[in-house]
1. Give, to the nearest whole percent, the P(r) tail of the range 486-541 beyond 18 angstrom, counting all Cα pairs.
2. Let a ≥ b ≥ c be the square roots of the eigenvalues of the Cα gyration tensor of the range 266-389; is it rounded (a/c under 1.5), or, if not, prolate (a/b larger than b/c) or oblate?
3. Can you tell me which aspartates and glutamates have their Cα less than 18 Å from the Cα of Lys497? Leave out same-chain residues fewer than eight positions away.
4. Just from its helices, what would the mean residue ellipticity at 222 nm be for the chain, if runs of 4 or more DSSP H residues each count -39500 (n - 2.57) and the sum is divided by every residue, rounded to the nearest 500 deg cm²/dmol?
5. When N is the residue count of the chain, what does its C-alpha Rg come to as a fraction of 2.2 N^0.38 Å?
6. Would you be so kind as to identify which of Ala526, Met547, Ile558 lies farthest towards the positive end of the dipole of the range 522-588, taking Lys and Arg as +1 and Asp and Glu as -1 on Cβ and the Cα centre as origin?
7. Place +1 on the Cβ of every Lys and Arg and -1 on the Cβ of every Asp and Glu in the range 111-188, take the dipole about the Cα centre, and give the residue among Phe146, Val165, Met120 whose Cα lies farthest towards its positive end.
8. Projected onto the charge dipole of the chain (+1 at Lys/Arg Cβ, -1 at Asp/Glu Cβ, origin at the Cα centre), which of Gly388, Ile264, Tyr516 gives the Cα projection farthest towards the positive end?
Amino acid sequence: MNYPYFPEDAPFSEGQRSWLGGFFAGLNSRLLEAKENDPKSDGAAANAITVLYGTQTGNAEELAHETSEKALEFGLEAKVLGMDEVSPESFKNFDRLLLITSTYGDGEMPDNAQGLWDAMSEDSVSRLEDTHFAVLGLGDTSYDLFCQAAKDWEKRLEELGAKKVADRVDCDLEYEEPFAKWTGQVLPALAELGGGVAAPVAAANGTSVAKAKLKWSKKSPFPAVLLKNKVLTKNASSKETRHYEISLEDSGIEYEVGDALGVIPTNCPELVSQLIEALHLNPEDSVMVADETSKSLEAALLNDFEIKLPSKELIAAVAERSGNEELNKLLLPENKEKMSEFLWGRDLIDFVSDYGDLKFTAEEFVALLKRVQPRLYSISSSIRKHPGEVHLTVASVRYDSHGRERKGVCSTFLADRIGDEVPVNCYLAPNKSFGVPGDDSAPMIMVGPGTGIAPFRAFLEEREVREAPGKNWLFFGERNRESDFFYEDELEALQQKGILTRLDLAFSRDQSEKIYVQDRMREQGAELFSWLEEGGYFFVCGDAYRMAKDVDRALHEIIMEHGKRSEEDATAYIADLKKTKRYVRDVY
C-alpha cells in the first residue's frame, strides 16, 4: 500500500505536496498496523483461531502447538500465543479461542499467565460476547486445587460473556488421551462456526500434518548407561545429594541448558514384596496394565504403578470398605488440612497395613493406583562442555516415619539400583523459557539453593564454553558449608577464571540465626538492583512453596528500596521483567 503520487503539474505547492504526502503515508501506515493487529481483517479470518497457553514447565506450550497442527485437519489455521504475549485488549480479536493452562504451586497461575490473569480480573475489562472458547487444564489430582487455573479462566471468560463450545477438560498427569478427546471435540465445533470443516481431512499429498516427534519419550524412553554416581555431601551432612553422569551415546538427544531430563523409575523390590504380602495376594496373579496387556501383579507393581503415595481413589475405597469413622471424616472437604496432616509421612503401605482386614483382589487394587510417572530433573551440564553426556544433581530422599524407613521412588532408584543390567530409562523434556540469555554480554543473577544449583552449573558451563563476556552472579544456600557445599571446587575454579563474577553463600545452620539466600539478596540489594538496571536476567530454581516466594518478596523489597519505587511500581517493574523473559523461574 502506497500513498498517492502527485504529478509535477498537479495544482499543489511544494509545501502542500509534502504535507499531503506525509498525511497519506501516516494514514496508510496506520491502516497497515490495524490490519496486522486484527485477525478478522484478512482473507484467512474465516478459518483463523487462537490457541493461548499458560505454562510453567512447557507441557501446555507443547500441547498448544499440537493443537495448532491438529487444527489444520479441520481447515483451521491456529495462531499459538503465550499468555505473556497478549493483553486484555487482544481478546476482542479472539472470536474463536482455545485456552490451555497448567496450574502451578497451590492452585496458582503459571508464571507466564499471572500478569494477564491479574489484568483480565479487572472490572474494566471489555465484554467478550463474540468470543467462542474452550479450556483444557493440566494438573495433578494429588493436589487439592487440581487444575484451579483452568477453572478460574473458564469462569472468568463466561463472566465476560464468552460462550463455551465444549465443557472444560481437566487432565491428570496422564494427559495424552483426554487431550486427544478434547481436540477431537473442540476443533470441529470451532470449524462449524465458519471457515473450517466438521470432520478431519487428509493432509496434502497424503502427508501427516503432525510435527516430527522426538525419537525418545516417556512412552518410549532411551535406555541410557550410567557413567558416574558420586555423593556430593560429606559424612557429617544430614542429607544425601548425588551427582550423576549419564551417557547419551547413540541416542541423538541434543539438549540446551535449562532443559530437564525425564527419568522413568522402577519401584523398590522390597516395598513391592511387603505390599503384596500385606494384601495377602499372590505375586503371580494376572492384572491388566496399559494397552490391554496383562502382567503378573509383582511385575506391574514394580514397573507400572505408583505404590508410594496413596491415591485419593484408594483412600476413599479404604474409607468406604472399612467404615472407619475417623478416615471418613477426614475425607470431608472441610477437613482438607487435617487430611494433609494425617497423610504426612504415610505411604500407601500404611493404609494397607492399618486396614489389613480389607480384602482386595489384585485387579481391584491396581485399579485404584495411578500410573508411575517420570521424574523431571533439571540438567546440570552443558552438552557443549560434555558432548554425549547429561549430568543431574539429585537429593536422595530417605527418612523414617511411623516406624518405617521411607525412600524416594526415583532418587533412590538412581542411587541404589542402577547398574550394568539396569539402564536409566530417560527422555528429553525441553524448557524453552528457561536458559541463558541470547545476548552473551547480559548479566545473569542466579538463585539456586540446594539442588536448585543444577541448571546454574549448566548455565556457567555454557557461558564458559561460549566465552561470554557477561557478568554472572550465583546465590547458593544449604545447611552447612562443611558438608553441603555442592560443587565447591568447580565454583572456586570458575571464580578464578573470572566466569563466576560473584558468589554469595547462605549456610543456614552454621550460626545461631538462620540465613537464607533471600537474606543475602537483601544484603546486596543495591548492587543487585544495579545489575537489573544494566539489563540483567534474574533466574530462580528450587522449592516453589517457600523459597521461591521468599525470593520473590525480597526482590520486590529490593526494587522498592534501591529503585526508589512504590509497591505498585515495583510490581509493575517485576511484571515487565517477566514479560521480557528477564525474570524466569524453574520451581517445583
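1. Beyond 18 Å sits 48 percent of the P(r) for the range 486-541.
2. It is oblate, given that a/c is not under 1.5 and a/b is not larger than b/c.
3. Within the straight-line limit of under 18 Å, Lys497 reaches these aspartates and glutamates: Asp440, Glu461, Glu462, Glu464, Glu467, Glu488, Asp489.
4. Computed ellipticity for the chain at 222 nm equals -10500 deg cm²/dmol.
5. In units of the globular-protein estimate, the chain measures up at 1.11.
6. Met547
7. Value: Val165.
8. Towards the positive end, the residue furthest out is Gly388.
The values are calculated or read from the model by the stated rules, or taken from the named source; none is laboratory data. Predicted, not measured: the structure shown is a model, and the values here were computed from it. Cβ sites come from the backbone with ideal geometry, for glycine too, and all protein chains shown count toward neighbours. With ligands, DNA and RNA removed, areas are computed over all heavy atoms of the protein, side chains included. Shrake-Rupley method; radii C 1.70, N 1.55, O 1.52, S 1.80 Å.
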